[in-house]
Amino acid sequence: MIGNKLKKLRGKRTQEEVALKIGVSRARYSHYENGRSEPDMEILQKMADYFNVSTDYLLGRTDRESSHTTKEDLSSDSLAEINMLIKEFGIEQFGFFDIEKWKNLTPDDLDEIRRHFEWVAQKAKERNEEKE
C-alpha cells in the first residue's frame, strides 16, 4: 500500500531525487515503491514531511493526505480545536504546557487568563443549561 502512494506522490520527480531528499539510496527507495521493503519510522516521517502528507496517509490509515486539521474535521473534538487554535495563532513555541515559561507571566497576564477562563466556563454553563 505504501508503494502505490509513494508512486502517486512522487509524480514527475525521479526516484533519485526523492531518495536524495529523504536520505536513502535510489535502490532502497525503489524497494519501498515496489513493496519489497518497508521504511522504518524515521524514513516514513521524512517521506511524509517531503511529500507534505501525514504518516497515517502513507500507512493507509486515512485517505486524507493532509495532516492538518480543519474545522469540518473537528465536530465535537474540543482538544483538536484547541490544538488547531494554538497552531493558528503561532503560540505552540510559547510552551503552553511548559510550567517554567508560565513563571514569567505578570499579574496582569494572569488576570487576563483568569477572565478568559471565566468567560469560557460561563459559556459552557449556559449551553448546558439550554440543553436541559
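The values are calculated or read from the model by the stated rules, or taken from the named source; none is laboratory data. The structure presented is a predicted model; accordingly, all values stated were derived computationally and were not measured. Cβ placement follows ideal geometry from the backbone for every residue including glycine, while neighbour counts extend to all protein chains displayed. Just so you know, the surface numbers come from the protein's heavy atoms only, side chains and all, with ligands and any DNA or RNA stripped out. Shrake-Rupley method; radii C 1.70, N 1.55, O 1.52, S 1.80 Å.
Restricting attention to the range 1-59, and to residues there that are part of a loop (DSSP other than H, G, I, E, B) and touching a residue at least 40 places away in the same chain (Cβ under 8 Å), which single residue is nearest to the chain's Cα centre (by Cα)?
Kept after step one, since they are part of a loop (DSSP other than H, G, I, E, B), are these residues of the range 1-59: 1, 11-14, 23-25, 34-40, 52-54, 59.
Right, trim to touching a residue at least 40 places away in the same chain (Cβ under 8 Å) and you get 1, 53, 59.
Numbers: M1: 22, V53: 9, L59: 15 Å.
Among residues in the range 1-59 that are part of a loop (DSSP other than H, G, I, E, B) and touching a residue at least 40 places away in the same chain (Cβ under 8 Å), the one nearest to the chain's Cα centre (by Cα) is V53.
Return yes or no: is E17 out of contact with any helix residue (DSSP H, G or I) (no Cβ under 9 Å at 6 or more places or on another chain), open to solvent by 30 Å² or more (accessible area, probe 1.4 Å) and modelled with pLDDT of 85 or more? Write out each step before concluding.
Details: out of contact with any helix residue (DSSP H, G or I) (no Cβ under 9 Å at 6 or more places or on another chain): no; open to solvent by 30 Å² or more (accessible area, probe 1.4 Å): yes; modelled with pLDDT of 85 or more: yes.
No.
Kindly provide the set of residues from the range 1-40 that are over 19 Å from Y57 (Cβ atoms) and of a type in the set (A, V, I, L, M, F, W, C), ordered by number.
A19, L20, V24, A27
Quick check on my filter: what residues within the range 20-52 are among the polar types (S, T, N, Q) and surrounded by fewer than 16 Cβ atoms within 10 Å (Cβ to Cβ)? Show your work before the answer.
So in the range 20-52, the residues among the polar types (S, T, N, Q) come out as 25, 30, 34, 37, 45, 52.
S25, N34, S37, Q45, N52 - these are the residues of the range 20-52 that are among the polar types (S, T, N, Q) and surrounded by fewer than 16 Cβ atoms within 10 Å (Cβ to Cβ).
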